[in-house]
1. Quick one: how many lysine pairs does the chain have with C-alpha atoms less than 30 Å apart and a gap of 8 or more or different chains? Give me the count, please.
2. What full-extension length gain, to one decimal in nm, is calculated for A257 and W236 as 0.36 nm per residue of separation minus the Cα-Cα distance?
3. Distance between Cα centroids, the stretch 265-285 to the stretch 211-229: provide it in whole Å.
4. Explain nothing, just compute: Karplus ³J(HN,Hα) = 6.51 cos²θ - 1.76 cosθ + 1.60, θ = phi - 60°, for every residue of the stretch 160-177 in order, whole Hz, x for Gly and Pro.
5. Taking amide H atoms as placed 1.01 Å from N in the peptide plane, list the residues 5 or more away in sequence, or in a different chain, whose amide H sits under 5 Å from that of F24.
6. Which of the peptides 263-269, 235-241 is most tightly packed, and how do the rest follow, judged by the mean count of other Cβ atoms within 10 Å per residue?
7. Expressed as a whole percent, how much of the Cα-Cα distance distribution for the chain exceeds 31 Å?
8. Would you mind ranking Y196, Y133 so that the residue whose beta carbon has the fewest other beta carbons within 10 Å leads the list?
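Since every read-out is calculated from the coordinates, none of them should be taken as a lab result. Bear in mind the structure is a predicted one, so any value in this text is a computation, not a measurement. Using ideal geometry, Cβ is built from the backbone for each residue, glycine included, and neighbour counts are taken over all protein chains shown.
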Amino acid sequence: MTPAPAERLSRNDDARDLAVSFEFFPPKTEEAEKALWGSIARLLPLQPRFVSVTYGAGGSTRERTHQTVTRLVRETNVPPAAHLTCVAASRVEVDEVARDYWDAGVRHIVALRGDPTAGIGTTYTPHPEGYAYACDLVGGLKKIGDFEISVACYPETHPESRSLEADIDILKAKIDAGADRAITQFFFDNDVFERYIERVRRAGIELPIVPGIAPVHSFSAVSNFAKKAGASVPNWLAHRFDGLENDPATRQLVAAAVAAEQVLDLVDRGVDQFHFYTMNRADLVYAICHLLGLRPGVPEAA
Ligand code: FAD
C-alpha cells in the first residue's frame with residue numbers, strides 16, 4: 001500500500017541513512033562566482049557525501065573547474081569531485097590535469113567522455129591521441145592514482161547507444177575499469193529509473209547507481225536540454241508548469257513540490273542516495289533536502 005504523504009515524511013525524519021551529493025558548474029563572472037559560493041555555503045552544512053564541479057564542453061572550463069575544485073579543498077571540509085572529460089585533449093593533457101588534481105589533494109573524479117565540441121547531438125570524434133571513451137579514461141585515471149571514480153549512466157539510454165543492453169555493457173566496461181559508482185542522467189519518471197535498476201542488477205552490476213535529480217528552475221530550459229540529452233519530459237510535468245511563465249513565485253513552489261514528490265517516492269522505492277544538479281542555486285535543493293529529513297550539521301550564521 002502506498003503510504004500517505006504525512007507517513008512518508010515522518011518515516012524519513014532523521015534521514016540517518018540518506019546520502020546526498022551536489023553538482024555545481026564553474027562560474028564565468030565575478031557575480032556568478034559570488035552566487036556559487038553563497039549556494040555552497042548554504043548547502044555544505046547539510047553534509048553532502050561530496051560535491052562535484054563540472055567540466056565545460058571540450059574542456060572549455062579546464063582552469064575554472066580546477067580553481068573551483070581546489071578552492072573547495074582549501075576552504076571547506078567537504079570532499080570535492082572534479083568532472084573530467086576525454087573531448088578535444090590528448091591523453092598526456094588529460095593525465096596532466098588528473099595529476100594536478102591528485103597533487104592538490106583531490107581524490108574523486110567524475111570520469112566522462114564528454115559531449116562533442118560542436119554540441120550535443122553532433123558526431124563525436126575521439127581525439128587521435130586521446131582517451132576515446134569514458135571507460136578508457138577510468139583505466140587511465142587508475143594508473144595515475146587510486147582515485148574514487150564516479151561515471152555517468154542513462155536510465156533512458158544514452159542518445160548514441162544502439163540499445164539499453166549496449167548501454168549497460170558500456171556501464172559494465174566503466175565499472176570493470178575501476179569506477180565506484182554511477183550517477184544517472186536526470187529523469188522525471190521514477191518507473192523508468194526502477195526498471196533501469198532492475199536491468200542493471202540483472203546484468204550483474206552491484207555498485208551504487210545514484211539518481212541524478214534536476215530541480216526544475218526553468219521548465220523551458222530543462223525541456224530543451226532534456227531533448228538533446230535523450231531524457232523524456234512527461235506530459236504531466238509540462239502540465240504542472242503550464243501557464244506559470246510569468247509567475248516565478250508559483251513556479252518555485254511547484255518546482256519544489258515536483259522535486260519533493262519525486263525524491264520521496266524514490267525513498268519509498270528504497271533509494272538512499274541522491275545527486276542534485278543544483279544549477280549553482282541552493283534554494284530548491286535545500287528545501288528538498290530538508291524534506292528528506294536532512295538538517296544542518298553546524299549552526300548557520302544568522
Ligand atoms: P561513454 O560512457 O563513453 O559513452 C558514451 C557513448 O559512447 C555510448 O553511448 C556509446 O555510444 C559510445 N561508446 C562508449 N564506449 C564505447 C566503446 N568502448 N566503443 C564504442 N562506443 C562506445 N559532460 C561534460 O562535458 N562535462 C561534464 O562535466 C559532464 N558531467 C556529467 C555528469 C553526469 C552525472 C552525467 C550523466 C553526464 C555528464 N556530462 C558531462 C555529459 C556526458 O559527457 C555526455 O552524456 C556524453 O555524451 C557521454 O559521456 P559518458 O561518460 O556517459 O560516455
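1. So the count works out to 11.
2. 6.2 nm
3. Cα centres, the stretch 265-285 to the stretch 211-229: 14 Å.
4. 3J(HN,Hα) across the stretch 160-177, in whole Hz: 8, 7, 5, 7, 4, 4, 4, 5, 5, 4, 5, 4, 4, 4, 5, 6, 4, 6.
5. Under 5 Å from the amide H of F24: S52, V53, T54.
6. Ranked from most to least packed, the peptides come out as 263-269, 235-241.
7. Every Cα pair in the chain considered, those over 31 Å come to 28 percent.
8. By the 10 Å Cβ count, ascending: Y133, Y196.
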